[in-house]
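J.: Attaching a single structure in structure tokens format; questions to follow.
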Amino acid sequence: MNPAMRTIFPLLLTMMLSVSAFAGEGVSMKCGVAAAGEKTDKGCGYEEMVTFGGGMRFEQITGYCRACKKFVHVRWTRDGIPESLRPPGGPKEKPKPLGEVWDASTGATHVVHACPECEGPFVEIKGSKDLTHCPKCNEPHFGIDPTKPRMAID
């Protein structure tokens, strides 16, 4: 490696890692996609773009509200962002959860938040890997649609 690359490479790597810590993703989820990404003839065909994670200026919690029958997001300003760079209209602090529930079948504890639209409860979904069952038909054929582009959020 030449001397200039030895100087620039660590800097670029540090920048990429710091940005990736804030990056969120948007994926097109579809009922009728098997776990490995192949299409299947099973499922109801429900499809929705779902975003997880936040960006450089905000953080986000994603969930599915059963009362509203749609994916919902709670967003707030990331700590340390100056007032002039804050996204308009959103809360400045992370909302307090309604509580936690323990799933006896897996042993996992899930955080419950209030829906921003109806104030009903929803469970936080951390990422696309946690979505395996369709929220409409409850069948285990819900996955990332490999034919649709992914979105990176920063």
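The values are calculated or read from the model by the stated rules, or taken from the named source; none is laboratory data. Since the model is a prediction, treat every value here as computed from it, not as a measurement. Neighbour counts are summed over all protein chains in view; Cβ atoms, including those assigned to glycine, are modelled from backbone coordinates with ideal geometry.
J.: Which ones in region 88-105 are modelled with pLDDT of 90 or more and part of a loop (DSSP other than H, G, I, E, B)?
T.: Result: K96, P97, L98, D103, A104, S105.
J.: Being out of contact with any Phe, Trp or Tyr (no Cβ under 9 Å at 6 or more places or on another chain) and among the hydrophobic types (A, V, I, L, M, F, W, C): is that true of V72 here?
T.: no
J.: Would a scan of region 103-115 turn up a residue that is touching a Cys at 6+ places or on another chain (Cβ under 8 Å) and either surrounded by fewer than 16 Cβ atoms within 10 Å (Cβ to Cβ) or not basic (K, R) (or both)?
T.: Yes, region 103-115 has at least one match.
Here is a yes/no grid of residues against (1) at positive phi; (2) without any contact (Cβ under 8 Å) to a residue 40 or more places away in the chain; (3) within 16 Å of the chain's Cα centre (by Cα):
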{"site": "V72", "(1), (2), (3)": "no, no, yes"}
{"site": "W76", "(1), (2), (3)": "no, yes, yes"}
{"site": "D79", "(1), (2), (3)": "no, yes, no"}
{"site": "S84", "(1), (2), (3)": "no, yes, no"}
{"site": "K94", "(1), (2), (3)": "no, yes, yes"}
{"site": "E100", "(1), (2), (3)": "no, yes, no"}
{"site": "S128", "(1), (2), (3)": "no, no, yes"}
{"site": "C137", "(1), (2), (3)": "no, no, no"}
{"site": "F142", "(1), (2), (3)": "no, no, yes"}
